[in-house]
1. Excluding the sites themselves, what is the longest stretch of the chain that contains no trypsin sites (Lys or Arg not before Pro) in a DSSP loop with at most 14 other C-beta atoms within 10 Å?
2. Hey, can you find the accessible area per residue of the stretch 51-94 for me, probe 1.4 Å, expressed in square angstrom?
3. Return the label of the correct value of Cα extents along the principal axes in Å, as calculated from the structure shown, out of (i) 58, 37, 28; (ii) 117, 31, 23; (iii) 64, 36, 35.
4. Just 167, 51, 80 to compare: in a GNM of the chain, with alpha carbon springs under 10 Å, which one fluctuates most?
5. Around residue 119, what is the net charge, scoring Lys/Arg as +1 and Asp/Glu as -1 over all other residues with Cβ under 10 Å from its Cβ?
6. Can you give the net charge of the other residues whose Cβ lies under 11 Å from the Cβ of residue 60, counting K and R as +1 and D and E as -1?
7. Tell me the GluC sites (Glu not before Pro) within the stretch 103-136 that lie in a loop according to DSSP and have at most 15 other beta-carbon atoms within 10 Å.
8. Carbon and sulfur atoms: what percent of the 1.4 Å accessible area of the chain do they account for?
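The values are calculated or read from the model by the stated rules, or taken from the named source; none is laboratory data. Computed from a prediction, not measured in an experiment: that's the story for all the values here. Heads up, the Cβs are rebuilt from the backbone with ideal geometry, glycines too, and the neighbour counts pull from every protein chain shown. Heads up: the accessible areas ignore ligands, DNA and RNA and are worked out on the full protein's heavy atoms, side chains in. Shrake-Rupley method; radii C 1.70, N 1.55, O 1.52, S 1.80 Å.
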Amino acid sequence: IGDELCIDHSMEIWGKGNVLDGYKEKYSRFANARKHKVTVPVNCDNDLSYLFGLWMAEGSIEKKIHRLTITCGDDVSSSLEKYGFTKCRKDQWRLNSENFVRMFEHVGMPLVRAPQKYIPEKIWNLSREQMQYFLGGFWDGDGHSKRLRKEIGFTSSSLQLLRDIQLVCSNFGAIGHI
């Protein structure tokens, strides 16, 4: 009796769906209304997948004012400005958009404090290429490497998120431990 489990690594099982399916229909009266300057994408592309990963690592929300904030020491300006985020400090970008907050809710992004974050069900349905971008965004936020030890890693205050990232990495064939 133990806690070991045999896992087939590099299973290459990926989703094919668009994580934004149903968003436009559900929020058609709000989505991309003229009074809002920010346009929510209709389809999830690699850039949006990257944004989801970066937000998962470094994002926070102020729900009452519909503000998404990303605080990251790396220069991620080009990835964020595409969606209307503005730089408010050396390492911080913000976006006030009810549409974007609704889109994040539709995707199931956990709009909670860092220790409660996890990968939502719809993100698990990303294609292989989109998941690479998701991991790239997460890496830019919470990734690190030790060149001499030939080791890479992720840091998070959420044990569930680390387990989720570990499972995604195993799907690519990378074996990790927590």
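1. Working: sites that count: 16, 29, 34, 35, 37, 82, 90, 113, 147, 149, 150.
Maximal segment without exposed cleavage sites: 38-81.
2. Values: 2210 Å² over 44 residues.
Normalised by residue count, the accessible surface of the stretch 51-94 is 50 Å².
3. Checking each listed value against the structure points to (i).
4. Answer for the Gaussian network model of the chain: 167.
5. Working: positive: 117, 122, 163; negative: 121, 164.
Net charge in that neighbourhood comes out at +1.
6. Cβ neighbours under 11 Å give a net charge of +3.
7. Numbers: sites: 105, 121, 129; in loops: 121.
Here the GluC sites (Glu not before Pro) that fit, given the DSSP loop and packing criteria, are 121.
8. Of all accessible area on the chain, carbon and sulfur atoms account for 49 percent.
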